[in-house]
Amino acid sequence: MKDISEQKIQQVKSRFIFLGSITYRSQFGGYALLVDGIMFALVSDGELYLRANDQIENIFQTRKMSNLVYAKRGMPILLRYYFVDSTLWEDQNLLFYFVQLAYESSKAEMLNKKSQPVRLKDLPNLSITIEKLLWKVGIKSAEELKIKGAKCTYLKLKSLNRSLGFNVLLALAGAISGYHCAVLPSVLRNELLEWYDEIKNPEKG
């Protein structure tokens with residue numbers, strides 16, 4: 001599947017050159033496509049899906065584009081990415097219009113988020129309960145959390161509540177990096193697990 005996904009990415013790069021330089025990274029078991037750090041589409045199993053939000057989702061739905069389904073812990077989740085079928089791929093004018101919509105709406109969404117202060121509970125994986133614990137240890141903003149880092153913050157929280165486990169450490173790391181726990185990069189997850197095992201069983205070190 002990797003080869004056909006990479007082929008599709010190259011097709012997208014050459015076809016949508018009007019957007020600028022397109023980069024990609026691993027996401028939801030496929031590849032997120034970005035321009036200037038703005039994610040506008042995703043390639044999964046060699047197929048292209050366009051990103052939607054509240055402003056444009058009804059346009060994709062009206063054309064009866066299907067959602068990308070992502071399996072999280074064995075449960076199917078409908079993502080707000082819409083399938084570009086062969087008919088749409090061949091309809092250059094409509095395709096370019098949809099691609100432009102996906103990019104511009106994602107860009108507007110990003111700019112709007114940057115203009116608003118982000119509460120801790122609004123970061124990926126964090127609940128109001130975790131937010132309140134973070135306040136108690138003196139971390140009151142997303143920027144302060146980023147500066148402290150996941151490991152240091154986890155140790156502070158652990159001093160308040162010794163029952164906090166590995167999932168909280170993952171949640172903090174995901175919140176800082178912008179990932180949901182289910183799609184946290186395996187390299188980072190493994191590093192955190194190794195560190196967690198060391199502090200849990202220091203005699204092993």
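The values are calculated or read from the model by the stated rules, or taken from the named source; none is laboratory data. On a predicted model such as this, the values are computed, not experimentally measured, just so you know. Note: ideal-geometry Cβ built from the backbone for every residue, glycine included; neighbour counts use all protein chains shown. The accessibility values were calculated without ligands, DNA or RNA, using every heavy atom of the protein model including side chains. Shrake-Rupley method; radii C 1.70, N 1.55, O 1.52, S 1.80 Å.
Here is how the numbers come out for the structure above:
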read-out	value
Pairs where the first residue, in segment 164-187, is farther than 18 Å from Tyr70 by Cα and the second is open to solvent by less than 40 Å² (accessible area, probe 1.4 Å) and of a type in the set (Gly, Ala, Ser), C-beta under 7 Å, 6+ apart	Leu169/Ala150; Leu172/Ala150; Ala173/Ala150; Ile176/Ala150
Residue in segment 60-69 that is under 26 Å from Ser186 (Cα atoms), open to solvent by less than 80 Å² (accessible area, probe 1.4 Å) and among the small types (Gly, Ala, Ser) present	no
Filter result (surrounded by fewer than 20 Cβ atoms within 10 Å (Cβ to Cβ) and modelled with pLDDT of 95 or more) within segment 47-57	Glu47
Options Glu131, Glu104: the member that is of a type outside the set (A, V, I, L, M), on the phi < 0 side of the Ramachandran plot, surrounded by 13 or more Cβ atoms within 10 Å (Cβ to Cβ) and not assigned by the TED database to the domain that holds Val12	Glu131
Checklist (1) at pLDDT 95 or above; (2) outside the structural domain of Ala32 (by the TED database) applied to Asn167, failing item	(1)
Residue check for Asn125: assigned by the TED database to the domain that holds Ser163 and within 18 Å of the chain's Cα centre (by Cα)	yes
Options Leu48, Leu34, Leu126: the member that is over 30 Å from Tyr154 (Cβ atoms) and of a type in the set (A, V, I, L, M, F, W, C)	Leu48
Residues of segment 1-28 satisfying the condition of being closer than 18 Å to Phe83 by Cα and open to solvent by less than 80 Å² (accessible area, probe 1.4 Å)	Ile4, Ser5, Glu6, Lys8, Ile9, Val12, Lys13, Arg15, Phe16, Gln27, Phe28
Helices (runs of 4 or more DSSP H) contained in segment 85-178 and holding at least 2 residues closer than 30 Å to Leu192 by Cβ	92-114, 128-136, 142-148, 150-160, 166-177
